[in-house]
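Below you'll find the structure, written out as structure tokens, and then a few comments.
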Amino acid sequence: MAKSNVDLARRAEIGAGRRTRTRARLLDAARTLYGREGGRATRIEDICEQADIARGTFYNHFTGLDALQAALFEEISLRFDQAVHVAFEAFGTPAERTSAAVRYYLTHMLDDREWGWCMVNTGMGIGFFHDTVVERVSETIQQGIDAGQFTIATAEAGRDILLGAGLASASSLLAGEVTGRHIEHVAQGVLRALGVTEEEARTILAAPLPPLRQVEPG
């Protein structure tokens, strides 16, 4: 009986490992396909073919394309957001943190275009940023309002301005419609829209960004 229990436990362990690896292959394939211009047209069939996995197996891990997109988007956005959040320790004011977030995200779009396209192609359908990111944006803007640094009426209005500008700018940058200077212009425009003076916005943007240290989300 004891040996039987050990065998069953071992089989369960092997099965769990196999499921984890299969799910990872599906997500890797999805990142490759969504991580290119035009990737929003990706179908379940395309992902299964890329991963060399049967369509029926796909549904053992995801209920459909929306569920896979959400899982992939959460994985890539939360990991990067955690790195940005850690970097915020180097910035003293909400305006500095807001500017840094815009610049970090948009710069990374150009540094890792697959990541950038993946963010745009999966995130546009579910709000572009994960709920955790949205909450942090709102919190930072509210801090700026409370400190008198931002004059915008509500944190929600500031949040929508920042996230909307981020989405539109990401698409423009990835499509090659604008140059890298566009990042600085957008960051300055967001600060000005939140109520930061032109002189202060320029001072903030003149400061270099510390390199990000990649960390696991959590």
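The values are calculated or read from the model by the stated rules, or taken from the named source; none is laboratory data. None of these values were measured; they are calculated from a predicted model. A quick note on method: Cβ atoms are made from the backbone with ideal geometry, for glycine too, and the neighbour counts reach across all protein chains shown. When the accessible area is computed, the model is the full protein with side chains, heavy atoms only, and any ligands, DNA or RNA have been set aside. Shrake-Rupley method; radii C 1.70, N 1.55, O 1.52, S 1.80 Å.
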Condition (residue is among the charged types (D, E, K, R), under 14 Å from Met109 (Cβ atoms) and open to solvent by 40 Å² or more (accessible area, probe 1.4 Å)) applied to the range 158-177: is it met by at least one residue? yes
Residue check: is Arg181 more than 24 Å from Asp112 (Cβ to Cβ) and basic (Lys, Arg)? no
When the range 115-127 is checked residue by residue, the ones that are assigned to a helix (DSSP H, G or I) and either touching a His at 6+ places or on another chain (Cβ under 9 Å) or under 15 Å from Ser172 (Cα atoms) (or both) are Trp115, Gly116, Trp117, Cys118, Met119, Val120, Asn121, Gly123
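What residue, among those in the range 198-218 that are farther than 18 Å from Gly116 by Cβ, of a type outside the set (D, E, K, R) and not in a helix (DSSP H, G or I), is least open to solvent (accessible area, probe 1.4 Å)?
It comes out as Val215.
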Phe58: passes all of (1) of a type in the set (A, V, I, L, M, F, W, C); (2) buried (at least 20 other Cβ atoms within 10 Å of the Cβ); (3) without any contact (Cβ under 8 Å) to a residue 60 or more places away in the chain; (4) closer than 30 Å to Leu194 by Cα but (4)
How about the range 78-97: which of its residues are over 17 Å from Arg213 (Cβ atoms) and assigned to a helix (DSSP H, G or I)? Pro94, Ala95, Glu96
Residues that are part of a loop (DSSP other than H, G, I, E, B) and without any contact (Cβ under 8 Å) to a residue 24 or more places away in the chain, drawn from the range 148-197: Gly148, Ala153, Thr154, Gly176, Glu177, Val178, Thr179, Thr197
Arg113 vs. criteria at pLDDT below 90 and either in contact with a Gly (Cβ under 6 Å, 6 or more places away or on another chain) or open to solvent by 30 Å² or more (accessible area, probe 1.4 Å) (or both): no
Given the residues Ile47, Ile76, Ile53, which is the only one that is surrounded by 15 or more Cβ atoms within 10 Å (Cβ to Cβ), at pLDDT below 90 and of a type in the set (Val, Ile, Thr)? Ile76
Output for the range 29-41, where each listed residue is at pLDDT 95 or above and over 16 Å from the mean Cα position of the chain (by Cα): Ala29, Leu33
I'm trying to understand the selection: among the residues of the range 158-195, which are among the polar types (S, T, N, Q) and modelled with pLDDT under 95? Ser169, Ser171, Ser172, Thr179
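Do we have any residue at all in the range 98-112 that's closer than 30 Å to Ala187 by Cβ and in a loop (DSSP other than H, G, I, E, B)?
The answer is yes, given that some residue of the range 98-112 is closer than 30 Å to Ala187 by Cβ and in a loop (DSSP other than H, G, I, E, B).
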